[in-house]
1. Treating the beta-carbon of each Lys and Arg as +1 and of each Asp and Glu as -1, no other charges, what is the dipole magnitude of the range 1-144 about its Cα centre, to the nearest 20 debye?
2. In nm, give the distance between the simple-model label positions of residue 120 and residue 84, each being 7 Å from the Cα along the Cα-to-Cβ direction.
3. Tell me whether the range 38-161 comes out rounded, prolate or oblate; compute the Cα gyration tensor, take square roots of the eigenvalues as a ≥ b ≥ c, and use a/c under 1.5 as the rounded threshold.
4. With θ set to phi - 60° and the Karplus curve 6.51 cos²θ - 1.76 cosθ + 1.60, what are the ³J(HN,Hα) couplings of the range 36-52 in order, to the nearest whole Hz, using x for Gly and Pro?
5. Enumerate the calculated ³J(HN,Hα) couplings along the range 64-80 in order (Karplus 6.51 cos²θ - 1.76 cosθ + 1.60, θ = phi - 60°), each rounded to whole Hz, writing x wherever the residue is Gly or Pro.
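Rule-based calculations on the coordinates, nothing more; no lab input. Remember, it's a predicted structure, so these values are computed and weren't measured experimentally. We place every Cβ from the backbone using ideal geometry, glycine too, and count neighbours over all the protein chains shown.
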Amino acid sequence: MHEMMTRMSPGATTMIRMDHTHAMATFHKYRANATPEKKQAIAETLCLALEIHARLEEEIFYPAMRSFEPDLVNKSVPEHNEMRRLIAQLRQTRPEDASFDTTLLELMRDVMRHVADEETMLLPDAERVLGERRLSELGAEMTRRRFELAGPHAGEMAVNTVRTFPGATLAFSGLLVLGAFLIGRAATRDTAALPAMRNALRKAARPARIRSTSRSLVNRLRDAVAA
């Protein structure tokens, strides 16, 4: 199982970039004049994704990088805690209230700054000092842990994803997340279906493609933070 998970999982830095892209794609669906139900679905999709992402970084990726980038890692953890505070505040607010919009936008401003720092400093450094093999091992650990964290929320995630990305507008990054989840389910059920599913996910998650998307994203984020 460990070898199979290592083969099917993207590397740690690729996975983190995928998470960043998914969070931004979800946020870009948010509109202040949307229905309360749509706002709630988008916000909860975003909040759950951010919570899982933060746990993966804190439990697996940051410990691997702490000896190389202690200052940057130590700076990131309080940023995660502030994100959790805003998520808790958002969940206690009705989507009909104006403060719901204000809190979500404050959350995303913090997320954008955090993403810009990681994608311009921490992730390139990780690729330099850890190497492809170690990043693959970390990616497999993160994938296994993601299945554990996401499992109890599978139904909620499916419903909110459909509400957030209806029909043909389902975001590419959302498909990657759902694909990864389905592969995790298949890993414990039908192994005959794994090769085709694994190849489809790996092709979609090629580092060059993710890096290209992320470079464009980081440029936009830096402009937004500087504004």
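1. 320 debye
2. 2.8 nm
3. Numbers: a/c = 2.72, a/b = 1.57, b/c = 1.73.
Oblate, since a/c reaches 1.5 and b/c is not below a/b.
4. x, 5, 5, 4, 4, 5, 5, 4, 6, 4, 5, 5, 5, 4, 5, 5, 5
5. Going residue by residue, I get 5, 9, 4, 6, 8, 9, x, 5, 5, 5, 5, 6, 6, 5, x, 5, 5 Hz, with x marking Gly and Pro.
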